[in-house]
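Everything on this sheet refers to the single structure shown next.
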Amino acid sequence: MQGTARPLALVAGAGRLPELVAASLERAGRPFRVLAVRGFTERSMRRRADAVVDLLDIPGTLRILKDWAPEAVVPAGGVARPSPAALLNAAHAVKNRDILRGLAGGDDRLLRAVLSLLEENGHRVLGVHEVAPDLLGRPGRLGRHAPDPDASLSIATGRAMLGALSPFDVGQAAVVAAERVVAVEGPEGTDRMLIRARALNRRPLGYGRAPKGAVLVKLPKLGQDLRIDLPAIGPRTVHRAAAAGCVGIAIGAGYTLVIDSEETVAAADAAGLFLIGLEVTP
């Protein structure tokens with residue numbers, strides 16, 4: 001640990017990300033405590049948790065964080081959006097109008113309301129990209145393969161389209177072939193979008209087979225609060241992109257988590273897909 005530095009509060013949701021962030025913090029020698037979310041946090045992280053809370057126990061969570069007085073709160077891992085009725089009750093428990101208004105908006109609006117609530121209670125909130133930068137994709141080619149001119153056109157089209165959609169709280173990813181958009185990520189997430197793209201490419205009518213140079217483009221939205229909604233890919237993303245007929249994957253360098261990076265790059269190399277980090281300004 002670094003002298004008398006206050007520990008971070010790592011709020012652990014679902015998936016492997018909390019464990020990867022914890023390992024990164026340990027490598028950096030940064031002290032932290034784990035606040036596990038009951039029903040979401042993986043068993044390995046629950047065993048090392050300093051406290052466990054229910055997702056909708058906002059008052060209890062705030063009491064724990066007040067007692068810990070962390071240097072900052074770091075959300076990591078996913079949670080399912082609660083039902084409107086359950087969230088309404090939780091918001092009333094702390095009399096927070098931002099969360100109530102977030103019920104009528106998309107995930108971005110709701111997540112921003114949660115951040116505002118933490119900040120109103122005196123907590124600084126940091127994103128994974130700020131405390132564990134070694135987990136992010138770097139600029140340039142990450143594997144053996146590189147995009148050809150057809151794929152480069154697909155990347156340019158994807159960047160322009162995702163940038164134009166940013167104000168509308170749509171997803172962070174799309175499958176693009178040349179100047180044609182095959183599929184855009186919605187609330188279902190990247191994996192299910194790729195399954196949909198694969199199905200579209202198999203239809204005998206309409207889209208037909210994917211044209212040459214289809215690419216998965218995944219970038220942060222313009223103005224996106226990356227502290228709680230950071231784009232991510234992993235080996236499963238690579239496998240599903242290959243199955244969808246993609247020739248490569250383009251991500252936002254420095255703003256996209258690469259889960260199990262060595263395995264992800266190896267999977268892309270084995271499938272013949274390029275994996276490239278793009279310079280972006282979210």
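The values are calculated or read from the model by the stated rules, or taken from the named source; none is laboratory data. As the structure is a prediction and not an experimental result, all values here were calculated from the model. Glycine also receives a Cβ, built like all others from the backbone with ideal geometry; neighbour counts cover every protein chain displayed. Just the protein is used for accessible areas: all its heavy atoms, side chains included, with ligands, DNA and RNA removed. Shrake-Rupley method; radii C 1.70, N 1.55, O 1.52, S 1.80 Å.
At-a-glance table
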read-out: Index of the failed condition, E188 passing every other in (1) buried (at least 23 other Cβ atoms within 10 Å of the Cβ); (2) more than 19 Å from D148 (Cα to Cα); (3) of a type outside the set (F, W, Y); value: (1)
read-out: Residue identified as in contact with a Cys (Cβ under 9 Å, 6 or more places away or on another chain) and either farther than 23 Å from R141 by Cβ or assigned to a loop (DSSP other than H, G, I, E, B) (or both) among A197, A183; value: A197
read-out: G189 out of contact with any strand residue (DSSP E or B) (no Cβ under 6 Å at 6 or more places or on another chain) and of a type in the set (G, A, S); value: yes
read-out: Qualifying residue in the range 141-157 (condition: open to solvent by 40 Å² or more (accessible area, probe 1.4 Å) and closer than 30 Å to E26 by Cβ); value: yes
read-out: Test: residue in the range 68-78 that is open to solvent by 30 Å² or more (accessible area, probe 1.4 Å) and modelled with pLDDT under 85; value: yes
read-out: Close pairs from the range 129-143: first closer than 20 Å to T281 by Cβ, partner assigned to a loop (DSSP other than H, G, I, E, B), Cβ under 6 Å, at least 6 apart; value: H129/L226; H129/L230; L136/G254; G137/A253; G137/T256; R138/A253; P139/A253; P139/E279
read-out: Sole exception among (1) open to solvent by less than 50 Å² (accessible area, probe 1.4 Å); (2) in a helix (DSSP H, G or I); (3) at pLDDT 80 or above for A90, by number; value: (3)
read-out: Qualifying residues in the range 191-200 (those that are free of Cβ contacts under 8 Å to residues at least 40 places away in the same chain and open to solvent by 40 Å² or more (accessible area, probe 1.4 Å)) - the one nearest to T237 (Cα to Cα); value: R192
read-out: Residues of the range 212-242 satisfying the condition of being farther than 24 Å from H145 by Cβ and of a type in the set (V, I, T); value: I228
read-out: Test: A174 is aliphatic (A, V, I, L, M), over 24 Å from V74 (Cβ atoms), surrounded by 21 or more Cβ atoms within 10 Å (Cβ to Cβ) and out of contact with any Cys (no Cβ under 6 Å at 6 or more places or on another chain); value: yes
read-out: Near pairs, Cβ below 6 angstrom, 6+ apart or cross-chain, from the range 44-60 (open to solvent by less than 60 Å² (accessible area, probe 1.4 Å)) to any residue that is polar (S, T, N, Q); value: V53/T61
read-out: Pairs, first farther than 10 Å from P139 by Cα and of a type in the set (V, I, T) in the range 265-281, second open to solvent by less than 30 Å² (accessible area, probe 1.4 Å) and assigned to a strand (DSSP E or B), C-beta under 7 Å, six or more apart; value: V265/L275
read-out: Conditions (1) more than 16 Å from F274 (Cα to Cα); (2) at pLDDT below 85; (3) surrounded by 20 or more Cβ atoms within 10 Å (Cβ to Cβ); number of the one not met by G213; value: (1)
read-out: Selected residue (criterion: nearest to the chain's Cα centre (by Cα)) from residues of the range 1-59 that are aliphatic (A, V, I, L, M) and part of a loop (DSSP other than H, G, I, E, B); value: L55
